[in-house]
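Read through the structure below, which is laid out as structure tokens, and then see the notes.
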């Protein structure tokens, strides 16, 4: 059950996988999405949110919805995968299991839309997972948008310092099961402890503005609606990516295959936030150094890791630029890139 007035863009649940759900969003004035075949001239767009936050930050409220921007007046069908909320029995869900889920979700989008490629838009950890998928399946991805997703964990900022192997043991953190929502909340609070005070100071300055009150309430509801991190996946994520930085070094393995980011050849847009403490710009931009895409665009936006996505300036600075990139590079079905066909691939 979602908090009131969030996640309001009309959608259908078109696939369920374990705890998760795949949503297909309605276009404005469209009849029930389940009655309309997705036969657009463009490839479908799949939004992949973070595994450890609720999905509706991408559809936070009217006037501040990334999903609505990608749905209203665009020529493609927009999907989003909600990872769901892990339970205690999911403690053994591994990083490979998570990537296997993403592979099945992409397959569902392709089957339901009749397309042979998808445009991936990943946010935060969802972008990290999407980069791995794109490297494993370069022929399946027509375009990739990295929204504030860490790639080079040598530049992981405060979070990288917090999980430094000299004093942090991911095995110990999950010895009792999943990393709980309370632990996740405490960790993010520890990254910037003064934010708990400054946000209320800023709110006091705008408390008589109805739109500002609505925006603040929606963001507070989302920020306090945390989910656990499956224990098995957490250990791999922290140990191999944060502590050992294997992804950018080409030494990360997923589902029995080495992840080689140089296999990414589709048009690439990386969005960085100027005050991002979760994913510093250098961490995300490292993907441009290794990917072999002919098109590599960078968009720098104001704000922090969350504010860049849902802040008052996002609708004017971030949303239209992502839409423009997808319109230009999302690849019409009759003009799909052929250069990636030479890259070998196997199923996860």
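Annotations for the structure displayed:
- Checked against (1) free of Cβ contacts under 8 Å to residues at least 40 places away in the same chain; (2) farther than 21 Å from residue 55 by Cβ, residue 255 meets all criteria but (1).
- Selection status of residue 170, surrounded by 15 or more Cβ atoms within 10 Å (Cβ to Cβ), in contact with a helix residue (DSSP H, G or I) (Cβ under 8 Å, 6 or more places away or on another chain) and modelled with pLDDT of 90 or more: yes
- Residue 127 vs. criteria surrounded by 24 or more Cβ atoms within 10 Å (Cβ to Cβ), in a helix (DSSP H, G or I) and out of contact with any helix residue (DSSP H, G or I) (no Cβ under 6 Å at 6 or more places or on another chain): yes
- Condition met for residue 219 (touching a residue at least 60 places away in the same chain (Cβ under 8 Å) and either under 30 Å from residue 64 (Cα atoms) or outside any helix (DSSP H, G or I) (or both)): yes
- Residues located in the range 55-64, provided they are surrounded by 24 or more Cβ atoms within 10 Å (Cβ to Cβ) and part of a loop (DSSP other than H, G, I, E, B): 60
- Annotation note: Cβ proximity below 7 Å between a residue of the range 222-246 that is touching a residue at least 40 places away in the same chain (Cβ under 8 Å) and on the phi > 0 side of the Ramachandran plot and a residue that is crowded, with 19+ Cβ neighbours inside 10 Å and part of a helix (DSSP H, G or I) (sequence gap 6+ or interchain) occurs for 245/153.
- Under the condition of being crowded, with 24+ Cβ neighbours inside 10 Å and not in a helix (DSSP H, G or I), the residues counted in the range 138-155 number 11.
- Of all residues in the range 20-40, those satisfying the criterion of being at pLDDT 50 or above, farther than 21 Å from residue 117 by Cβ and either outside any loop (DSSP other than H, G, I, E, B) or in contact with a helix residue (DSSP H, G or I) (Cβ under 7 Å, 6 or more places away or on another chain) (or both) are 20, 21, 26.
- Members of the range 258-288 found to be farther than 23 Å from residue 320 by Cα and modelled with pLDDT under 95, listed by number: 277, 278
The values are calculated or read from the model by the stated rules, or taken from the named source; none is laboratory data. Since this is a predicted model, take the numbers as computed values, not measurements. No Cβ is skipped: glycine too gets one built from the backbone with ideal geometry, and neighbour counts run over all protein chains shown.
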